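Undergrad: Here it is, the structure, as structure tokens.
The values are calculated or read from the model by the stated rules, or taken from the named source; none is laboratory data. Worth saying up front: this structure is predicted, and the values here are computed from it rather than measured. Cβ sites come from the backbone with ideal geometry, for glycine too, and all protein chains shown count toward neighbours.
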Amino acid sequence: MTPLLTTKGLSRNFGGLRAVDSVDFTLMPGEIRAVIGPNGAGKTTFASLVSGRIQPSSGMIVFDGADITGLPAYVRVRQGIAYTFQITSVFANLTAYDNVALPVQRTLSDGRSKGAVQAGVMAALERTGLADRAHMPAGQLSYGHQRLLEVAMGLALKPRLLILDEPTQGLADSEIDNFITLVREIAASATVLLIEHNMPVVMQLADRITVFNAGKILAEGTPEAIRENAAVQQAYLGTAP
Ligand SMILES: Nc1ncnc2c1ncn2[C@@H]1O[C@H](COP(=O)(O)OP(=O)(O)OP(=O)(O)O)[C@@H](O)[C@H]1O
Ligand SMILES: [Mg+2]
């Protein structure tokens, strides 16, 4: 099987800091991969490199067999890479519906077909449990629901790779159960890269876990192997909330 995503020697410097440091990473199609690691480990920077939001200092990114290193983010979106931000980035003054309508319109060859837009928007809102809040201004949704709205916006792009950056931040425990179900459903038709600090969520969802520390991959393996890895415990798990 060909990997869906590979990075080779991927690095990104900010001034003198190597936020991502020579990362060799492989993701197989259909996988749910969790990325964990302490604050500042480089997880968001890595996801931003894959999505094309920022450019690498060196190294290479291959998606579905093609070198995408030099492609702008909007072209990567068209190729099937969708990304939700760690910081909520919904349009507060637009309704939940209209926030999702924006990415839906981008996926349709005729973005003005009202019926197709409506079907796409409502499907994404229903999957994320937000259908009954469709006409609320996004800024009036709870923080957790704004995070789910971002997931809906990502889903609306019908991605092959969905990158979620701390999506459960701000969700209530009852909503986290729904979120776990949602990610499993998403994984039936897409590959998921899940940056997440909530270890119960990671342990329940991940096929494999990649641990970042100081810009490098410290360890990679099944949830069981990672839980028992002494270096991981020292760098991260022992101090996790
Ligand atoms: N735009 C930027 N300019 C300068 N430094 C940055 C920038 N973005 C990230 N950094 C630095 O790069 C390092 C990695 O940051 P990053 O946000 O990738 O970590 P993270 O693993 O996502 O952390 P967290 O768990 O807190 O979200 C940190 O030291 C951070 O301060
Ligand atoms: Mg981050």
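Undergrad: Answer yes if at least one residue in the range 144-156 is of a type in the set (D, E, K, R), touching a Ser or Thr at 6+ places or on another chain (Cβ under 9 Å) and at pLDDT 95 or above, and no otherwise.
TA: No, because not a single residue in the range 144-156 is of a type in the set (D, E, K, R), touching a Ser or Thr at 6+ places or on another chain (Cβ under 9 Å) and at pLDDT 95 or above.
Undergrad: Could you tell me whether the range 16-33 includes any residue that is surrounded by fewer than 16 Cβ atoms within 10 Å (Cβ to Cβ), within 16 Å of ligand 2 (Cβ to nearest atom), aliphatic (A, V, I, L, M) and at pLDDT 95 or above?
TA: yes
Undergrad: Moving on to the next point. Got a sec? Which of Y83, Y74 is more than 15 Å from L4 (Cβ to Cβ) and in contact with a helix residue (DSSP H, G or I) (Cβ under 9 Å, 6 or more places away or on another chain)?
TA: Result of the check over Y83, Y74: Y74.
Undergrad: Can you find even one residue in the range 87-108 that is in contact (Cβ under 8 Å) with a residue 24 or more places away in the chain, surrounded by fewer than 22 Cβ atoms within 10 Å (Cβ to Cβ), outside any loop (DSSP other than H, G, I, E, B) and within 16 Å of ligand 1 (Cβ to nearest atom)?
TA: No, that holds for no residue.
Undergrad: On to the next question. Among the candidates G170, G139, G144, G129, which residue alone is within 16 Å of ligand 2 (Cβ to nearest atom) and among the small types (G, A, S)?
TA: G170
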